[in-house]
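Comments concern the structure below.
The values are calculated or read from the model by the stated rules, or taken from the named source; none is laboratory data. What you see is a predicted model; the values in this text were computed from it and never measured. Here the Cβ is made from the backbone with ideal geometry for all residues, glycine too, and neighbour counts use every protein chain on show.
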Amino acid sequence: MTLNSLGLNSKKAKDLANDLNHLLANFQIYYQNLRGIHWNIKGKRFFDLHVKFEELYTDANVKVDNIAERILTLGGTPLHTFDDYSKEAQVPVGKNISQDEKAVQLIVDSLSELLNIERQILDKSGDINDEGTNAMMSDFISEQEKTVWMMKAWLGETV
């Protein structure tokens, strides 16, 4: 077994970087969805949701950068074209969504998919003692679980 300069199994670290690229593609679609609903939201809840969606896309933008930098840290190359993102992503694409409940449901659906991907990465990063990726995924998961709970509460639903 060959270790990289971080003390991680080189092959497993590269595999993890590929998994992070999958997460990156999905986060980029999620980010763009948030921009779209921020721009297009209409109705009586406009003021509250417009601000909330901006908060979420600002946070997603930071996470995108963190994911890309972690990919680089592990020796990979981050995906960086919309073509790559759309081929790789699983999160739903929201187009021309202006209705409040549809917008919030898109966020819940997207975060649910991101959480599934992050949990898979968390398992793999734990297996190879990659504490950097592990900590990042743990932070993402706890924040996103809270957001899902809040969005579901807004929809009048339970988790």
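Pull up segment 9-31, narrow it to residues that are out of contact with any helix residue (DSSP H, G or I) (no Cβ under 8 Å at 6 or more places or on another chain) and in contact (Cβ under 8 Å) with a residue 12 or more places away in the chain, then point me to the one that is surrounded by the most Cβ atoms within 10 Å (Cβ to Cβ).
Only one residue fits best here, namely ALA13.
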Scan segment 128-142 for residues that are exposed (fewer than 14 other Cβ atoms within 10 Å of the Cβ) and without any contact (Cβ under 8 Å) to a residue 24 or more places away in the chain and jot them down. GLU131, ALA135, ASP139, SER142
When segment 69-91 is examined, which residues are found to be farther than 19 Å from LEU122 by Cα and either loosely packed, with under 15 Cβ neighbours inside 10 Å or β-branched (Val, Ile, Thr) (or both)? THR77, HIS80, THR81, PHE82, ASP83, SER86, LYS87
Hey, ASN66 assigned to a helix (DSSP H, G or I), under 21 Å from GLY126 (Cα atoms) and either out of contact with any His (no Cβ under 8 Å at 6 or more places or on another chain) or modelled with pLDDT of 95 or more (or both) or not: yes
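Might you check whether a residue that is farther than 26 Å from THR133 by Cβ, in contact (Cβ under 8 Å) with a residue 12 or more places away in the chain and of a type in the set (A, V, I, L, M) occurs anywhere in segment 49-65?
First, the residues of segment 49-65 that are farther than 26 Å from THR133 by Cβ: 49-54.
Retained after the next criterion (residues that are in contact (Cβ under 8 Å) with a residue 12 or more places away in the chain): 49-50, 53-54.
Then drop every residue that is not of a type in the set (A, V, I, L, M), which leaves 49.
Yes, because at least one residue in segment 49-65 is farther than 26 Å from THR133 by Cβ, in contact (Cβ under 8 Å) with a residue 12 or more places away in the chain and of a type in the set (A, V, I, L, M).
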Return the total of residues in segment 101-159 being outside any helix (DSSP H, G or I) and more than 25 Å from LEU49 (Cβ to Cβ). 3
